[in-house]
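S.K.: Before I ask anything, here is the structure I am working with.
The values are calculated or read from the model by the stated rules, or taken from the named source; none is laboratory data. A quick note: this is a predicted structure, and the numbers were derived from the prediction, not measured. Ideal geometry is used to build each Cβ from the backbone, glycine not excepted, and the neighbour counts take in all protein chains shown. Note: accessible area is taken over every heavy atom of the protein model, side chains too, but ligands, DNA and RNA are not part of it. Shrake-Rupley method; radii C 1.70, N 1.55, O 1.52, S 1.80 Å.
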Amino acid sequence: DNSFGTGGQILFNDWPNLVGCVVLIQPNGQILIAGFDDSNDELGEFLVRLNSTKPVSVNGVTPSRLFDTRAGSPQGSIVVDKTTYGGSKELRVKVSGVSGLPEYGIGAATINLTVTDPDDTGYITVYPCGTRPLASNMNYVFDQTVSTSVTTAVSPTGEICVYSSAQTNLIADINSWSATNAGYAPLSPQRLVDTRARSPQGAITVVKKKYGTDSELRIKVAGAAGLPGARMSSVSLNVTVTEPETEGFITVYPCGTRPLASHLNFVADQTISASVTSPVSADGEICIYSSSPTNLIADTFGWFVQGSGITPVGPTRLVDTRSASPQGAISVTQKKYGATDELRLPLNNVAGLPDD
């Protein structure tokens with residue numbers, strides 16, 4: 001890591017006789033060195049902590065199955081009761097120490113959560129146990145199989161809780177985790193905005209109407225719903241579309257020029273949600289554009305500190321395999337992919353990404 005110290009090195013000029021015996025990289029990217037000092041013919045113990053200039057905000061892990069509540073399916077790394085969950089029966093699991101996650105020091109975890117065979121229309125809330133917040137991570141209808149990415153804070157005991165308003169089977173796969181005090185600050189989920197006419201306002205008061213085409217939703221997130229007033233590079237949200245008039249798509253971006261990108265696609269009258277990490281403008285704002293008039297709900301789950309090791313880029317179309325569509329930043333053979341024909345993408349030095 002060439003950003004650590006000077007070209008990846010740190011010199012201890014004041015202590016010429018330190019002998020390091022043990023090195024430990026902490027979850028937040030800091031390095032501990034323990035050993036002894038043999039200066040002046042006297043042995044003494046020492047402990048040095050080195051603070052990385054760019055702490056590790058997100059630690060990727062090989063995706064693996066955390067749990068699966070379906071009766072005929074194998075258990076994941078967490079053993080759960082093979083039954084449906086919903087209503088007063090929520091799923092409480094300890095994620096620390098499993099599937100490549102550390103036993104201590106987890107601030108947040110990113111999972112892919114799937115709902116399958118629900119008994120009714122409903123929604124999912126994932127949270128760090130305790131008091132369940134007024135927020136949702138996913139919406140579903142009867143008998144649907146649907147999944148979404150969820151970044152959730154983890155309780156001090158390493159647990160998360162999954163609440164479903166209707167009885168359903170639940171499947172979760174782990175993708176990454178963040179250490180405490182390492183650049184990503186998870187929040188207790190909170191309703192940020194709700195444009196539905198008969199629903200309470202969120203932390204940000206908006207005009208209660210449907211937004212779409214020439215009326216995008218512009219909100220100042222800095223200083224709202226537990227988010228800081230400064231030093232915020234990106235915000236982690238769950239955005240829900242409900243009662244759209246026609247099919248369409250959503251783009252969330254840091255205001256200014258709207259990019260060619262989409263975060264969520266929907267059809268008429270559908271209720272659907274998606275996890276979104278969006279850069280924040282210099283004024284602390286984000287804009288939500290919909291190609292069709294619809295009600296919008298947004299819940300906040302966390303934020304990234306500026307210069308914290310994650311670099312936000314404006315949303316950019318990376319690839320598009322549809323034959324009648326323009327190429328994205330990466331040119332590909334425009335066809336359908338599947339089975340043994342997977343899509344392999346070189347990401348270095350494209351769409352604002354670095355070449356190393």
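S.K.: Would any residue of the stretch 235-258 have its amide N under 18 Å from a label point 7 Å out along Cα→Cβ of K209? List them or say none.
M.R.: 242-246
S.K.: Turning to a different aspect of this structure: On the principal axes of its Cα set, how long, how wide and how thick is the chain? Give whole Å, largest value first.
M.R.: Computed over the chain, the largest-to-smallest principal extents equal 81, 48, 48 Å.
S.K.: Sticking with the crude label model, points 7 Å out along Cα→Cβ, report the distance from T316 to V48 in nm, one decimal please.
M.R.: About 3.9 nm, to one decimal.
S.K.: Once you have a ≥ b ≥ c as the square roots of the Cα gyration tensor eigenvalues for the stretch 53-185, tell me rounded if a/c is under 1.5, and otherwise prolate or oblate according to whether a/b is larger than b/c.
M.R.: prolate
S.K.: Here is a follow-up. When a/c reaches 1.5 or more, the comparison of a/b and b/c decides; with that in mind, is the stretch 103-162 rounded, prolate or oblate per its Cα gyration tensor?
M.R.: Working: a/c = 2.87, a/b = 2.01, b/c = 1.43.
Verdict is prolate for the stretch 103-162.
S.K.: Which value in nm describes the separation of the simple spin-label points at V350 and K220, placed 7 Å from the Cα toward the beta carbon?
M.R.: Rounded to a tenth, the inter-label distance reads 3.9 nm.
S.K.: Sticking with the crude label model, points 7 Å out along Cα→Cβ, report the distance from V19 to R132 in nm, one decimal please.
M.R.: So the two model labels end up 5.9 nm from each other.
S.K.: While we're looking at this one, here's another question. Sorting R258, R92 by accessible area (1.4 Å probe), largest first, what list results? Walk me through the numbers before you get to the answer.
M.R.: Details: R258 100, R92 140 Å².
Largest accessible area first, the residues go R92, R258.
S.K.: Give, as ranges by residue number, the residues of the stretch 229-253 whose backbone N falls under 19 Å from the point 7 Å along Cα→Cβ of A268.
M.R.: Taking a point 7 Å out along Cα→Cβ of A268, the residues of the stretch 229-253 whose backbone N falls under 19 Å are 241-250.
S.K.: Now for a separate question. Give me the dipole magnitude in Debye, nearest 20, for the chain about the Cα centre, with unit charges on the beta carbon: positive for Lys and Arg, negative for Asp and Glu.
M.R.: Using Cβ point charges on Lys, Arg, Asp and Glu, the chain gives about 1140 debye.
S.K.: Enter the mean projected area of the convex hull around the alpha-carbon atoms of the stretch 301-356, in nm², rounded to one decimal.
M.R.: 6.0
S.K.: In whole percent, and with a 1.4 Å probe on the protein chains, what portion of the accessible area of the stretch 223-356 is carbon and sulfur?
M.R.: Carbon-and-sulfur percentage of accessible area, whole number: 48.
S.K.: Here's something else I'd like to know. Apply the a/c threshold of 1.5 to the C-alpha gyration tensor of the stretch 195-346 and tell me whether it is rounded, prolate or oblate.
M.R.: oblate
S.K.: Taking 25 Å as R0, compute the FRET efficiency from the Cβ-Cβ separation of T157 and R231 and round it to 0.05.
M.R.: E(calc), rounded to 0.05, equals 0.30.
S.K.: Name the trypsin sites (Lys or Arg not before Pro) in the stretch 215-306 that are in a loop by DSSP and that have at most 13 other C-beta atoms within 10 Å, would you?
M.R.: R231
S.K.: If you rank E285, E243 by how much accessible surface each has, with a 1.4 Å probe, what is the order from largest down?
M.R.: Values: E285 35, E243 85 Å².
The most accessible residue leads, giving E243, E285.
S.K.: A further question on this structure: Work through the residues other than G328 whose Cβ is under 15 Å from its Cβ and net out their charges, Lys, Arg +1 and Asp, Glu -1.
M.R.: Values: positive: R317, R322, K335, R344; negative: D320.
In short, +3.
S.K.: Sticking with this structure for a sec: Could you grab the relative contact order for the chain? Cα pairs under 8 Å, six or more apart, rounded to a whole percent.
M.R.: Reported as a whole number, the value is 15 percent.
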